[in-house]
1. Answer yes or no: is there a residue in region 174-195 that is assigned by TED's automatic domain parsing to the domain that holds Y80, over 19 Å from the mean Cα position of the chain (by Cα) and over 19 Å from E89 (Cα atoms).
2. With respect to the numbered conditions (1) within 21 Å of the chain's Cα centre (by Cα); (2) closer than 24 Å to P56 by Cβ, which one is the sole condition not fulfilled by C152?
3. Whether any residue in region 140-163 is free of Cβ contacts under 8 Å to residues at least 12 places away in the same chain and either crowded, with 17+ Cβ neighbours inside 10 Å or touching a helix residue (DSSP H, G or I) at 6+ places or on another chain (Cβ under 8 Å) (or both) is what I want to check.
4. Residues of region 111-140 being more than 30 Å from Q75 (Cβ to Cβ), part of a loop (DSSP other than H, G, I, E, B) and of a type in the set (A, V, I, L, M, F, W, C), which ones?
5. Within region 234-250, identify whether any single residue is over 30 Å from A41 (Cα atoms) and modelled with pLDDT of 85 or more, and answer yes or no.
6. When residues of region 122-132 are filtered for being modelled with pLDDT of 90 or more, under 30 Å from L85 (Cβ atoms) and either surrounded by 13 or more Cβ atoms within 10 Å (Cβ to Cβ) or touching a Gly at 6+ places or on another chain (Cβ under 7 Å) (or both), how many remain?
7. I'd like the full set of residues that are on the phi < 0 side of the Ramachandran plot and surrounded by fewer than 13 Cβ atoms within 10 Å (Cβ to Cβ), limited to region 106-121.
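The values are calculated or read from the model by the stated rules, or taken from the named source; none is laboratory data. Predicted, not measured: the structure shown is a model, and the values here were computed from it. Because the Cβ atoms are built from the backbone with ideal geometry, glycine has one as well, and the counts that use them run over all protein chains shown.
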Amino acid sequence: MANIFDDKTADQSASTPPRALGEQPGGLRSSTRMTIQTRQAQKLVLGRKRSKDVQPIIGLLDFGRRMRLLWLSAQADDPYADWYLLKIEEAIDQAKTVMSEKKQWLDDVLDSMPGFEIDVAQSLQPIQVPIAFQNPYGYMGAYLIADYDALCCSIFTATHIGLIDRSIATNLYSQTGKSIRRTFDLAAKWKFSGATRDDISANSPIAIKAIAIHGECPEPILKKTKRAKIAPEIRVRPKAVKIEVKKKKENVEKIRTAETEKDNKTEMRESLAENLFGMG
């Protein structure tokens, strides 16, 4: 996998005049492409759509789309989104551990034949997949598939030259592939509720609905003492900002009304004094 600027972006950057030192720099843009060597990894990128008598399989692209809403919800102080980010991060770490252990075992097998230098198989026509995710978790899912793709190449090589049999190869493909699919499936299990930690504290109707969907949220998650290592900064919701602004406007209006009433009373007293005593 590579993270580079594509030619189009580079051409645009070259044709755009630089800004002065006192101005703000323009937005950052980059393109990312991942190279796929095996059909097994390709299937994990695409996933499988639901059809008659066939359950869907969440692929990388769908995982990235689902993680966008989950990320934004965690940013808006949804504790359940925070909880699922932590679950997904833990599942990613577990999948990485499984693949690392299998890869190390395969490397030892491939190095076990003295007098042989074995090059791991590579595709003659690999696939390049442009990817663009709006949060880090989409890319973390892509890294899993890149590791899995490399592992599949090693499995094929070891099988092809007779160092492992087909049953062992099938088991390796299955165990490592399941660890990635399990991670992607977590994103599909999360359901948007719109609840916030304030809603949970107030036991609002939104909170009751969220609890019915996901169950009781763990206390460390509610108190923000336990969050995913890569979690978004929690921001004030626009709705809360609007309420605060409305309150400030109401307070200002009350002050203005009181001042107006005071000025009106003063004018009435002065007018009465002029009529009674001829002051002016």
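1. For region 174-195, residues assigned by TED's automatic domain parsing to the domain that holds Y80, over 19 Å from the mean Cα position of the chain (by Cα) and over 19 Å from E89 (Cα atoms): present.
2. (1)
3. We begin by selecting, within region 140-163, every residue free of Cβ contacts under 8 Å to residues at least 12 places away in the same chain; these are 159, 162.
Pick out the ones that are also either crowded, with 17+ Cβ neighbours inside 10 Å or touching a helix residue (DSSP H, G or I) at 6+ places or on another chain (Cβ under 8 Å) (or both) and you get 159.
Yes, some residue in region 140-163 is free of Cβ contacts under 8 Å to residues at least 12 places away in the same chain and either crowded, with 17+ Cβ neighbours inside 10 Å or touching a helix residue (DSSP H, G or I) at 6+ places or on another chain (Cβ under 8 Å) (or both).
4. Of all residues in region 111-140, those more than 30 Å from Q75 (Cβ to Cβ) come to 111-128.
In the following step, the residues that additionally are part of a loop (DSSP other than H, G, I, E, B) were identified as 111-126.
Within region 111-140, M113, F116, I118, V120, A121, L124 qualify.
5. Residues of region 234-250 that are over 30 Å from A41 (Cα atoms), as a first pass: 234-250.
After this cut, where a residue has to be modelled with pLDDT of 85 or more as well, the list is 234-235.
Checked region 234-250: at least one residue is over 30 Å from A41 (Cα atoms) and modelled with pLDDT of 85 or more.
6. So in region 122-132, the residues modelled with pLDDT of 90 or more come out as 122-128.
Cutting the leftovers down to under 30 Å from L85 (Cβ atoms) gives us 127-128.
Filter again for either surrounded by 13 or more Cβ atoms within 10 Å (Cβ to Cβ) or touching a Gly at 6+ places or on another chain (Cβ under 7 Å) (or both), leaving 127.
Result for region 122-132: 1.
7. Pass one, region 106-121, residues on the phi < 0 side of the Ramachandran plot: 106-114, 116-121.
Of everything in region 106-121, those that are on the phi < 0 side of the Ramachandran plot and surrounded by fewer than 13 Cβ atoms within 10 Å (Cβ to Cβ) turn out to be D108, D111, S112, M113, P114, F116, E117, D119.
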